[in-house]
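Okay, so here's the structure we're looking at.
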Amino acid sequence: MNNRRQEKSVSDKIYDVPAEWTTRAFVDDAKYNEMYARSISHSNGFWAEQAKRLNWSHAPTKIENTSFAPGKISIKWFEDGVLNAAYNCIDRHLPKRANQTAIIWEGDDPSQSKHISYQELHDEVCKMANVLRNRNVGKGDRVTIYLPMIPEAAYAMLACARIGAVHSVVFAGFSPDSLAQRITDCQSKIIITADEGLRGGKKVPLKNNVDAAVAKAGGVDWVVVVKHTGTPVNMDPARDFWYREAAEVVTTECPCEPMNAEDPLFILYTSGSTGQPKGVLHTTGGYLLFASMTHQYVFDYHEGDIYWCTADVGWVTGHSYILYGPLANGATTLMFEGVPNYPSMSRFWEVIDKHKVNIFYTAPTAIRALMQAGDEPVKKTSRKSLRLLGSVGEPINPEAWEWYYHVVGEARAPIVDTWWQTETGGILITPLPGATKLKPGSATRPFFGVVPEIVDADGKVLDGETSGNLCIAKSWPGQMRTVYGDHARFEQTYFSTYKNKYFTGDGCRRDADGYYWITGRVDDVINVSGHRMGTAEVESSLVAHEKVSEAAVVGYPHDIKGQGIYAYVTLMNGVEPTEELRKELVAWVRKDIGPIASPDLIQFAPGLPKTRSGKIMRRILRKIAEDEPSSLGDTSTLADPAVVTDLVEHRQNKR
Ligand code: 6R9
C-alpha cells in the first residue's frame with residue numbers, strides 16, 4: 001500500500017466570496033474588519049455586548065480578568081455572571097421552538113433515524129438529570145460518559161450541565177485501561193455507558209470495557225447502562241442499573257442549578273507531548289458564549305438551517321459544534337452514529353439528501369478517504385441542499401480542498417477551514433463565509449478577539465510574511481482554565497515556552513495577505529486522522545511489553561490519515577524480531593490504548609540514535625520515517641553514528 005501523501009503543493013488559488021454570500025451572511029468583509037478591530041481595541045465592551053446572546057440569571061458586570069504572567073496564570077471571564085448551560089441550550093428556546101427539531105439522529109443502520117424536538121430534549125434531559133440526582137450526583141461532581149453516538153450521549157451531557165455536575169466524556173474507541181486512567185484522574189463515582197456501540201455494522205463491547213475499567217480504577221458507585229443493541233451484558237446488582245428503568249420513575253421536570261460563569265462545565269482529556277493525557281477544564285460562561293458565537297458566525301447559522309457536524313461527542317468538536325454551540329443557538333443539529341464508508345462510500349451524501357443538510361462540517365481524513373473512492377459515489381447523490389462546507393482537525397491539503405469544493409460542493413459552497421484545539425474551546429482561525437476570500441489549505445484569518453503571533457525559537461515575535469511557532473497573545477472567553485487538578489502543568493505546558501503568551505504547539509506560516517497556514521504540530525504530538533496522540537503514550541505502552549526494551553515513536557506522512565504512527569522498537573536481548581512479534585505489538589498497543597493508537601509501521605532497531613547524554617534524537621528518527629535519509633542533518637553529536645546506518649537501511653517506508 002502506498003501510504004505516502006502526495007507531495008505537499010502550495011496552492012496560490014484564491015476563491016472570491018460568492019455574490020449571494022456577501023448579502024445573505026451576517027458578516028461581510030467590511031463588517032469583519034470593523035468588528036475585529038473593536039474586539040481588540042474595546043475588548044471589554046465588545047465581549048459585554050456578546051454576552052447578551054446568553055440568558056443569565058445574573059448578568060455579568062465584570063468582563064475579562066486574565067493573566068498570562070509567569071507564576072500568575074489565571075483566566076476568568078464574566079466572573080460575577082450566573083447562568084446554566086442546559087437552560088441556555090434548551091429551556092429558553094421552548095416558548096418559540098418546543099416543536100422544532102433540536103436533534104436529528106441518524107443511526108449506523110440507514111433505516112434508523114429520529115427527530116427529537118426541543119420539548120422532547122427538555123423532557124429527556126430532565127429525566128436523566130433526575131436519575132443522576134437520585135444517586136446523589138450534585139454540583140461539582142464528576143460524571144464519566146462512555147457512550148456511542150446516540151441521543152442519550154447528548155441527554156447525559158446536558159443533564160450534567162443542568163445539575164451542575166462536570167462531565168468527562170471518554171471517546172468510546174478508548175480501551176478499558178485508557179478509560180480507567182480517566183476515571184481515576186477525575187475520581188468520578190458514576191459512569192454512564194451502553195450495552196454496546198455500533199459503528200459500520202461492528203459492535204463495540206462498551207459495558208464489558210466499563211466493567212474492566214471499573215475493576216481497575218475502583219471508587220465507582222454506579223454504572224448507568226443504556227440499552228442500545230440489546231445484547232445481554234453482565235449487570236452487578238449492587239452497582240449497575242438500566243437507564244430506562246430508572247427513567248420511568250422520575251419526572252420530566254428538573255430545576256436548573258444556578259452556576260457561576262467560572263464554575264466548571266466539563267473536563268475533556270487530550271494528549272500532550274509528555275506524560276498521561278491532560279484533563280482540559282472548561283467553565284460555563286465563557287465557553288458557552290464562545291461556542292455559540294463561533295457557531296453562528298463561522299457557519300453563518302440562520303433560523304431553519306439543518307446543520308451537521310460529523311465528529312464524535314468524545315472529541316471537543318462534538319462538544320462545541322454538535323452540542324453546545326448549535327443548541328445554544330436554537331439550531332437543528334444532526335448526530336450521526338455511523339462511519340463515512342458504511343454501508344457504502346455514498347453514506348455522507350445520502351444522509352445530506354435524506355435530511356436536507358445545509359451546512360456540513362467534517363475532517364480532512366474523511367475527505368481524503370472518500371476522494372480515493374472517486375467521484376462516482378458523490379455524483380450519484382443530489383446534495384442540492386448544501387450551502388456551506390467546513391473542515392477541522394488537521395491541515396487540509398490543497399488537493400483534498402479542491403475536491404471537496406468542486407466535487408462535493410459543486411463550486412457553490414464556500415469551505416471554512418477552521419483551526420482550533422481542545423484547549424481553545426472553539427474556533428480561533430477561520431474564514432467567515434460572507435467575508436473572507438478563500439485560499440485552499442489556509443485557515444485564513446483570526447476570529448474576533450483572537451491575536452495570533454508567530455514567534456521564532458527564541459520567542460521573538462516575527463512580523464509580516466513569515467513562519468514559525470503559533471502563539472496567541474491575548475485570552476479569549478473559550479480558553480481552557482486549567483489542567484484538572486494540576487495548575488502547574490497548565491502553566492508548564494502552555495505558558496512556559498514563550499513568556500506571556502499561550503503556545504499552541506502548532507507551526508504556522510503567515511503569507512503576504514496576512515493569511516495563516518497551519519503546518520502541523522511542532523511538539524511530540526501526532527495527529528492521526530484528526531485525533532491527537534502523544535508519542536510518549538504509545539512509547540510507554542510498547543515498553544510495557546515484556547519483549548521490548550526501548551521504543552521511540554514519531555509521525556510520518558500518510559495518504560489518508562494525514563499522519564501515521566511509526567514506532568522504532570529495540571527488543572530485549574535474545575528476542576528474535578519476527579513478523580508475529582510485529583503483529584503482537586500492534587495488537588498490544590491497540591488493546592492498551594485503543595484502535596486509534598495502533599502503530600502503522602514498526603521497525604525493529606538494534607539501537608536508537610542518542611546524544612552522548614542519552615537523549616533520543618527524534619529529529620533523525622522523523623527524517624528516516626519520512627523516507628528522507630539524505631537530509632538527516634548534523635549527526636556529529638551522536639554517541640554511536642553507526643546505529644543510523646542500520647536504521648536507514650531497514651526503514652519501513654521506502655519509496
Ligand atoms: C478541534 C481539534 C488540535 C490540533 C491542533 C492542530 C490540528 C485542528 C486544524 C488543525 C490545521 C486546521 N488542527 N484543526 N490543523 N488546520 N483547520 O481538532 O482539536 O483534537 O485538540 O486537535 O489539531 O495541530 O493543534 P484537537
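The values are calculated or read from the model by the stated rules, or taken from the named source; none is laboratory data. Computed from a predicted structure; not experimentally measured. Cβ coordinates were reconstructed from backbone atoms using ideal geometry, including for glycine residues, and neighbour counts include every protein chain displayed. Calculation scope for accessible area: heavy atoms of the full protein, side chains included, ligands and nucleic acids excluded. Shrake-Rupley method; radii C 1.70, N 1.55, O 1.52, S 1.80 Å.
For this structure, a couple of remarks:
- Annotation note: of Gly505, Gly449, the sole residue that is in the same structural domain as Asp141 (by the TED database), surrounded by 14 or more Cβ atoms within 10 Å (Cβ to Cβ) and either without any contact (Cβ under 8 Å) to a residue 12 or more places away in the chain or farther than 15 Å from His282 by Cα (or both) is Gly449.
- Taking the conditions (1) within 16 Å of the ligand (Cβ to nearest atom); (2) closer than 25 Å to Arg24 by Cα; (3) of a type in the set (Ser, Thr, Tyr) in turn, Ser382 satisfies each one other than (1).
- Check on Thr497, farther than 19 Å from Tyr297 by Cβ, open to solvent by 10 Å² or more (accessible area, probe 1.4 Å), within 15 Å of the ligand (Cβ to nearest atom) and in a loop (DSSP other than H, G, I, E, B): yes
- Looking only at segment 617-654, residues that are modelled with pLDDT under 85, open to solvent by less than 70 Å² (accessible area, probe 1.4 Å) and out of contact with any Pro (no Cβ under 7 Å at 6 or more places or on another chain) come to 3 in all.
- Of the numbered criteria (1) within 15 Å of the ligand (Cβ to nearest atom); (2) open to solvent by less than 30 Å² (accessible area, probe 1.4 Å), the one Gly393 fails is (2).
- Counted as qualifying within segment 518-627 are the helices (runs of 4 or more DSSP H) with 1 or more residues that are among the acidic types (Asp, Glu) and either over 22 Å from Arg651 (Cβ atoms) or in contact (Cβ under 8 Å) with a residue 12 or more places away in the chain (or both), namely 535-543, 579-592.
- Strands (runs of 3 or more DSSP E) lying entirely in segment 25-117 (those with 1 or more residues that are more than 21 Å from Ile359 (Cα to Cα)): 64-67, 74-77
- Of the criteria (1) surrounded by 15 or more Cβ atoms within 10 Å (Cβ to Cβ); (2) out of contact with any His (no Cβ under 9 Å at 6 or more places or on another chain), which one Pro95 fails: (1)
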